[in-house]
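K.L.:
The structure that follows is given in the form of structure tokens.
The values are calculated or read from the model by the stated rules, or taken from the named source; none is laboratory data. This is a predicted model, so every value here is computed, not measured. Every residue, glycine as well, gets a Cβ built from its backbone with ideal geometry; the counts of neighbours run over all protein chains shown. With ligands, DNA and RNA removed, areas are computed over all heavy atoms of the protein, side chains included. Shrake-Rupley method; radii C 1.70, N 1.55, O 1.52, S 1.80 Å.
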Amino acid sequence: MVEGALRVLLNASALPVRPAGAGVYTIELARALATRTDLEVVFAAPSEAVPNVQWLRSPPRGPALRSAWEQLRLPRLMRQEGIDVYHGAHFAVPLRTGVPAVATVHDLAFLRLPRRYSMPRRNYYRALAWTSRRADRIIVPSKAVAADVIHHLGYPPERIRVVSEAPRAGLAPAMEHEIALLCGRVGVERPYLLCLGTAEPGKRAVDAIRALSVMRNEGQAVKLVLAGNEGPLTPLLRREAQALGVLESVVFAGYLLAGDLAALYSGATALVFPSLSEGFGLPPLEAMACGTPVIASSAPALPEVLGTAAIFVPLRDPAGIAHEAIRLLREDSWRSEWTARGREHASRFSWTRAAEESAAVYHELAPR
């Protein structure tokens, strides 16, 4: 133990095998926190996902086992480990931590868009979010989420801290041969548009498919890569593409490993991100870091996070997406302008800064 360092328990017990969104946040934050000399990080997770960080094994994945472990076993482990501050990386705060508690609330889309979620899933997330009200501080990735936490959870605004996320460490424009290898493996030819998060109902991947149909009618040939964990929406998206006559132009790439992301982003003419609600918008920022223009909806948090570096279209506007994508495909100078804007904007975000701001919250609660 380092004399004077705070010992922080980062609870990542909900970390999935295939991290995305909150999982990426958890891993990248843990890596950045581990480089600080004022902290000692203990990482509680189902697997040893972060090298060089002390690891406590949480139970196998599953809400029931995880909840029981958090309530009964974790507080005892924290006492044994001499933990000074608890940080729930995905909402959860046990009834009795014995130390000051921090919770990260990534978004409250299940409350803002309840009809987009099944009843069991909505109830689970609602109960999980409610536990975050026990925290002494709540960290959110944007002002938009801060407003939702105040409105939906009734949490005191003076105890909320906004800490921005950042592109994954090392993401940068890929080399042409790397892009070619990735395209061969996925089975796609350039030019292509990219859309991520197809399993989530609020991501509106269907609008990207409909935009493809509009582009075809305008005489513009292009492929669409839908990437991310597959789920119940996948068959529906296939049927929509079939009905519109563009199925042969849509590639369902599934979940891609982090090592493939730079090439996937870099090879795309644009990232299409027609989400209905976002807490932050990590994929657009990562695309920008790889030099890929972004066509995004004007959903909450996205204008706040992406600023003037993204091309915005209204919600549920496939024709608007198609219009902007066609211009990017046909005008090299237009695409170059958005590439430059995006890379400059993405460079303003870093996990080092996120770790610094998170550490300030820990020290605020447990000063040494």
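K.L.:
What about Ala355, is it under 21 Å from Val24 (Cα atoms), buried (at least 21 other Cβ atoms within 10 Å of the Cβ) and modelled with pLDDT of 95 or more?
P.N.:
yes
K.L.:
Here is a further query. Any chance the stretch 204-216 includes a residue that's among the acidic types (Asp, Glu) and surrounded by fewer than 17 Cβ atoms within 10 Å (Cβ to Cβ)?
P.N.:
Checking the stretch 204-216: not a single residue is among the acidic types (Asp, Glu) and surrounded by fewer than 17 Cβ atoms within 10 Å (Cβ to Cβ).
K.L.:
Moving on. What residue, of Ala174, Ala166, is at pLDDT 95 or above, open to solvent by less than 60 Å² (accessible area, probe 1.4 Å) and touching a Phe, Trp or Tyr at 6+ places or on another chain (Cβ under 6 Å)?
P.N.:
Only one candidate qualifies: Ala166.
K.L.:
Is at least one residue of the stretch 306-323 under 30 Å from Pro100 (Cα atoms) and buried (at least 18 other Cβ atoms within 10 Å of the Cβ)?
P.N.:
no
K.L.:
Another question, then. Since His87 meets every condition but one in (1) part of a loop (DSSP other than H, G, I, E, B); (2) closer than 26 Å to Ala32 by Cβ, which condition does it not meet?
P.N.:
Evaluating His87 over (1) part of a loop (DSSP other than H, G, I, E, B); (2) closer than 26 Å to Ala32 by Cβ leaves (1) as the failure.
K.L.:
Between a first residue in the stretch 9-37 that is without any contact (Cβ under 8 Å) to a residue 24 or more places away in the chain and more than 15 Å from Ala169 (Cα to Cα) and a second residue that is among the charged types (D, E, K, R) and open to solvent by 30 Å² or more (accessible area, probe 1.4 Å), which pairs have beta carbons less than 6 Å apart while being 6 or more apart in sequence or on different chains?
P.N.:
none
K.L.:
OK, next. Name every residue in the stretch 78-120 that is open to solvent by 30 Å² or more (accessible area, probe 1.4 Å), in contact with a His (Cβ under 9 Å, 6 or more places away or on another chain) and under 19 Å from Ala44 (Cα atoms), in order of residue number.
P.N.:
His90 - this is the single residue of the stretch 78-120 that is open to solvent by 30 Å² or more (accessible area, probe 1.4 Å), in contact with a His (Cβ under 9 Å, 6 or more places away or on another chain) and under 19 Å from Ala44 (Cα atoms).
K.L.:
Follow-up. Going through the stretch 28-72 one residue at a time, which ones are open to solvent by less than 70 Å² (accessible area, probe 1.4 Å), among the hydroxyl-bearing types (Ser, Thr, Tyr) and outside any helix (DSSP H, G or I)?
P.N.:
Once the filter is applied, which keeps residues that are open to solvent by less than 70 Å² (accessible area, probe 1.4 Å), among the hydroxyl-bearing types (Ser, Thr, Tyr) and outside any helix (DSSP H, G or I), the stretch 28-72 yields Ser47, Ser58.
K.L.:
Would you call Pro75 part of a helix (DSSP H, G or I) and open to solvent by 60 Å² or more (accessible area, probe 1.4 Å)?
P.N.:
no
K.L.:
Go through the stretch 131-151 and count every residue that is open to solvent by 50 Å² or more (accessible area, probe 1.4 Å) and under 21 Å from the mean Cα position of the chain (by Cα).
P.N.:
Residues meeting the conditions: 2.
K.L.:
Just to be sure I understand, how many residues within the stretch 222-272 are under 21 Å from the mean Cα position of the chain (by Cα), more than 19 Å from Gly184 (Cα to Cα) and without any contact (Cβ under 8 Å) to a residue 40 or more places away in the chain?
P.N.:
5
K.L.:
Moving on. Would you confirm whether or not the stretch 339-351 contains a residue that is open to solvent by 50 Å² or more (accessible area, probe 1.4 Å), over 30 Å from Met175 (Cβ atoms), outside any loop (DSSP other than H, G, I, E, B) and out of contact with any Asp or Glu (no Cβ under 7 Å at 6 or more places or on another chain)?
P.N.:
Within the stretch 339-351 (the criterion being open to solvent by 50 Å² or more (accessible area, probe 1.4 Å), over 30 Å from Met175 (Cβ atoms), outside any loop (DSSP other than H, G, I, E, B) and out of contact with any Asp or Glu (no Cβ under 7 Å at 6 or more places or on another chain)), the answer is no, since none of the residues qualifies.
K.L.:
Let me ask something additional. Right, Arg210: within 16 Å of Pro318 (Cα to Cα), among the basic types (Lys, Arg) and either over 16 Å from the mean Cα position of the chain (by Cα) or assigned to a loop (DSSP other than H, G, I, E, B) (or both) or not?
P.N.:
yes
K.L.:
Moving on. Being of a type in the set (A, V, I, L, M) and closer than 18 Å to Arg204 by Cβ is the filter; apply it to the stretch 112-144 and report the residue that is modelled with the highest pLDDT.
P.N.:
Ala144
K.L.:
From the list Ala258, Ala299, exactly one residue is open to solvent by 10 Å² or more (accessible area, probe 1.4 Å), closer than 22 Å to His345 by Cβ and at pLDDT below 95. Which is it?
P.N.:
Testing whether each residue is open to solvent by 10 Å² or more (accessible area, probe 1.4 Å), closer than 22 Å to His345 by Cβ and at pLDDT below 95 leaves just Ala258.
K.L.:
Would a scan of the stretch 10-19 turn up a residue that is in a helix (DSSP H, G or I), aliphatic (A, V, I, L, M) and open to solvent by less than 30 Å² (accessible area, probe 1.4 Å)?
P.N.:
Scanning the stretch 10-19, I find no residue that is in a helix (DSSP H, G or I), aliphatic (A, V, I, L, M) and open to solvent by less than 30 Å² (accessible area, probe 1.4 Å), so the answer is no.
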